[in-house]
Amino acid sequence: MAKPTPLSGFPEFLPADRVVEQQVIATLARTFELHGFGNIETRAVEPMDQLLRKGETSKEVYVLKRLHDTEGDAGMGLHFDLTVPFARYVLENAGKLEFPFRRWQIQPVWRGERPQEGRYRQFTQADIDIIGRDNLPFHHDVEVARVMVEALSQLEFLPGFRLQVNNRKLIQGFYEGVGADDTDKVMQVIDKLDKLPVEKVRELLQSDAGLDEKQADLCLQLATIESEDASFVDAVRALGVESELLEEGLAELAAVVAGCASVTSDTVKVVADLKIARGLDYYTGTVFETRLTGFESLGSICSGGRYDALASDGRSTYPGVGISLGVSRVLVPLVQKGHLTGSRAVPSAVLVALNEEASRPAADAVAQQLRASGVPTEVAAKADKFGKQIRYAEKRGIPFVLFERTDEQGATTYEAKDIRSGEQVTVDPATWTPPTIDLKPQVITKEQQS
RNA sequence: GUGGGUAUAGCUCAGCUGGUAGAGCCCCGGCUUGUGGUGCCGGUUGUCGCGGGUUCAAGUCCCGUUACUCACCCCA
């Protein structure tokens, strides 16, 4: 069979790189659970009408079809995010869930778009949401932001993050106060600011969104405002636009920024950034986008926001707030460029050397002693010359080789060799373990590799 | 969906205006008769993406096709 070629947009990791992904997922899950988020996993497919509601017909959904169905599909598609399946899950199980309901979910999602760096057709998202029945207090907006900031802070081997927060009420109220008729259109045009030059956007605000020169200018000025503290409030007020909705949005945004202040750090910043709008139209208040320092071209790697009515059955609506990290978008480029990898390709911390094939049962018994102490251990595949057995370990990154020795009196001793330093010492397999740092593969950065 | 680029060994690539395929790395063996890494010596590796055309002759030129890739759109 000919060698298969990679499938564009469906990234896969080698074992050493998968170590990075596993550790990221474990760290995120631990932080989410520290905040009381429970885990669920939803099926890969949803009915098409679920996936396409809200008129999102432009979504690039992969549709499911049985090979033997000669006409038509199964009416199901692979989910393209975790929010829509979650909304469906909440409705389906509303009677059995306690509200507000909080959950974390880390799963692959699929989008049939044209792949490029940071943009894949299958990728892993890490999602947290809190959903209420009929109402959900605003402080949960602050909470999801705090939890994600804390989770990102734990990923110490990654570059810095900049969580940019805005509020739909704020910008919508401002545009209304300015006198705009089509606030959604204004939002869409403002969203182009990082792609198009300011002058172009100014033209579009007048030609497409129907603003006069002065109105356009005010909207552009609003978009330039950003701050790491509440000082943006005064900057907005200085523009002299007034509306009730605007005030509500200002208060909420100020609360998010203030509420996150205690969890920000040198590497994870939270800023009020009034040009953030988000394309998706179901957001109604807080909106999030996140940039990875030094990798801004990847776009937003962690987004979300407040939605007041993503789910609704006849009797209740379920408002929610959530945020979603693009695990693949962050990791695949960093791993491919060689910035991150794992310290070894196998879990094994120790290789038990084999003197001759006949001594395999004895070697197995020694390995079992180590495993009982929680040390991932494997026994050499062949009773090769010791040089070859050491090289077997070296290629896999296994740090220790354990030799069995029999002296002239016939007494058996064991020696553990750290193949990085060459140091070899006598040990008791019943009690010896490698240093804690060597027990599990570690994530290593480019700087540490050299 | 629209537009550009690329396709030669496991990997990175060379192959000038057509003359029957190369380097480095990797891998294997030896020097080293049971403790690796450095060094030296030797060795393996290809339907030159696929299909067709021009030619005495095509990796090289032409047409088509597929895959990969970059940008736009959109988004994690």
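The values are calculated or read from the model by the stated rules, or taken from the named source; none is laboratory data. Owing to the predicted nature of the structure, the values given are computational and were not obtained by experimental measurement. Positions of Cβ are generated from backbone atoms using ideal geometry, with glycine treated the same way; all protein chains shown enter the neighbour counts.
Take A:ASP364 and decide whether it is among the acidic types (Asp, Glu) and either within 21 Å of A:ILE106 (Cα to Cα) or in the same structural domain as A:TYR89 (by TED's automatic domain parsing) (or both). Let's see the steps before the verdict.
Values: among the acidic types (Asp, Glu): yes; either within 21 Å of A:ILE106 (Cα to Cα) or in the same structural domain as A:TYR89 (by TED's automatic domain parsing) (or both): no.
Considered against the rule, which asks whether it is among the acidic types (Asp, Glu) and either within 21 Å of A:ILE106 (Cα to Cα) or in the same structural domain as A:TYR89 (by TED's automatic domain parsing) (or both), A:ASP364 comes out as no.
Within region A:10-32, can you find the residues that are over 30 Å from A:GLU394 (Cβ atoms) and either under 15 Å from the mean Cα position of the chain (by Cα) or without any contact (Cβ under 8 Å) to a residue 60 or more places away in the chain (or both)? Break it down into steps so the answer makes sense when it comes.
Applying the first criterion (over 30 Å from A:GLU394 (Cβ atoms)) to region A:10-32 yields A:10, A:28-32.
Residues satisfying the conditions are A:LEU28, A:ALA29, A:ARG30, A:THR31, A:PHE32.
Return the pairs, sorted by first residue and then second, in which the second residue is surrounded by 17 or more Cβ atoms within 10 Å (Cβ to Cβ), the first residue lies in region A:34-47 and is on the phi > 0 side of the Ramachandran plot, the beta carbons are less than 8 Å apart, and the residues are 6+ apart or on different chains.
Matching pairs, first to second residue: A:GLY36/A:ARG102.
Regarding A:ALA383, is this residue within 9 Å of RNA strand B (Cβ to nearest atom), surrounded by 14 or more Cβ atoms within 10 Å (Cβ to Cβ) and over 20 Å from A:ARG344 (Cβ atoms)? Break it down stepwise before answering.
Working: within 9 Å of RNA strand B (Cβ to nearest atom): yes; surrounded by 14 or more Cβ atoms within 10 Å (Cβ to Cβ): yes; over 20 Å from A:ARG344 (Cβ atoms): yes.
Here the answer is yes, as A:ALA383 does meet what is asked.
Look at region A:399-430 and say how many of its residues are more than 10 Å from RNA strand B (Cβ to nearest atom) and more than 17 Å from A:GLN369 (Cα to Cα).
Total meeting the criteria: 7.
Can you work out which of the residues in region A:118-129 that are within 8 Å of RNA strand B (Cβ to nearest atom) and in contact with a Leu (Cβ under 7 Å, 6 or more places away or on another chain) is modelled with the highest pLDDT?
Looking at the filtered set, the residue picked out is A:GLN125.
Check region A:28-41 and report whether any residue there is assigned to a helix (DSSP H, G or I), out of contact with any helix residue (DSSP H, G or I) (no Cβ under 8 Å at 6 or more places or on another chain) and surrounded by 16 or more Cβ atoms within 10 Å (Cβ to Cβ).
Checked against the condition, which is being assigned to a helix (DSSP H, G or I), out of contact with any helix residue (DSSP H, G or I) (no Cβ under 8 Å at 6 or more places or on another chain) and surrounded by 16 or more Cβ atoms within 10 Å (Cβ to Cβ), region A:28-41 yields at least one hit.
Pick from region A:318-347 the residues that are over 30 Å from A:ARG278 (Cβ atoms) and touching a Pro at 6+ places or on another chain (Cβ under 6 Å): which of them is surrounded by the fewest Cβ atoms within 10 Å (Cβ to Cβ)? Let's see the steps before the verdict.
At the first step, the residues of region A:318-347 found to be over 30 Å from A:ARG278 (Cβ atoms) are A:338, A:341-347.
Add one more test, that the residue is touching a Pro at 6+ places or on another chain (Cβ under 6 Å), and what stays is A:342-345, A:347.
Details: A:GLY342: 24, A:SER343: 17, A:ARG344: 23, A:ALA345: 18, A:PRO347: 15.
Filtering first and then ranking leaves A:PRO347.
Which one of these is in the same structural domain as A:LYS169 (by TED's automatic domain parsing), under 28 Å from A:PHE138 (Cα atoms), away from RNA strand B (no atom under 16 Å from the Cβ) and modelled with pLDDT of 95 or more: A:ALA255, A:ALA223?
On the way: A:ALA223 fails: modelled with pLDDT of 95 or more.
A:ALA255 is the lone residue from the list that is in the same structural domain as A:LYS169 (by TED's automatic domain parsing), under 28 Å from A:PHE138 (Cα atoms), away from RNA strand B (no atom under 16 Å from the Cβ) and modelled with pLDDT of 95 or more.
Okay, residues lined up against (1) more than 20 Å from A:HIS140 (Cα to Cα); (2) within 15 Å of RNA strand B (Cβ to nearest atom); (3) basic (Lys, Arg):
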| position | (1), (2), (3) |
| --- | --- |
| A:ARG278 | no, yes, yes |
| A:TYR283 | no, yes, no |
| A:VAL287 | no, yes, no |
| A:PHE295 | yes, yes, no |
| A:LEU298 | yes, yes, no |
| A:GLY304 | no, yes, no |
| A:ALA309 | no, no, no |
